[in-house]
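The values are calculated or read from the model by the stated rules, or taken from the named source; none is laboratory data. Source: prediction; values computed, not measured. For the accessible areas, the whole protein counts, side chains as well, though only heavy atoms, and no ligand, DNA or RNA atoms are used. Shrake-Rupley method; radii C 1.70, N 1.55, O 1.52, S 1.80 Å.
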Amino acid sequence: MNHNIIIKQLDFLTNELKTQVFDLWNKEYPESLCYNSIKDFDNYLDQLEAPEHILLLKDNKVFGWLFLFIRDNQRWFAMIIDSKYSRMGYGSKLLTIAKQKYDQLNGWVIDQDHYFKNDGSKYLSPLHFYKKNDFKVNIQVRLELAHISAIKIIWDQFY
């Protein structure tokens, strides 16, 4: 890990940080998941129950974001790392922090490589990364929406 990297854990995002996370989201997630405005993104964040944010910053710029929240009485998460910083251990570091806080983590992972980002580049499924970080795939639970398809992953410290 680079010593110029700052990890911040917050219960809410300032407007400046929210704008940076919004930009990161729209840069790295598939185009079909992007938000048209910061207001739309804000509405999404506002509906999350008990949100927590873990940010990776370099030179006061967000390049990684893991957020945790409650859905259906379970702890869920999602994570984005700027592709310039992928394969450097930052995603695993964020997951380690979350695993130290909670006994179980649930998430949705796009398990196909046929989506594209806003810049036209291919969105590559992070499923292998999560398996490498001890997440199990629940093949019985899929999210099938008109704009996205994903599979449920679970990490549980007791299995």
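See the values below:
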quantity: Length released on extending from Lys122 to Phe12, taking residue separation times 0.36 nm less the Cα-Cα span; calculated: 36.5 nm
quantity: log₁₀ of I(q)/I(0) at q = 0.18, 0.19 Å⁻¹ - region 57-159, Debye sum with one point per alpha carbon; calculated: -0.96, -1.07
quantity: Prolate/oblate/rounded call for region 1-121, Cα gyration tensor, a/c under 1.5 rounded; calculated: rounded
quantity: Helix-only [θ]222 nm of the chain, DSSP H runs n ≥ 4, -39500 (n - 2.57) each, per residue, nearest 500; calculated: -7500 deg cm²/dmol
quantity: Beta bridge orientation in the chain: antiparallel %, DSSP, nearest 5; calculated: 95 percent
quantity: Solvent-accessible area per residue, Å², over the chain with all protein chains present [probe radius 1.4 Å]; calculated: 56 Å²
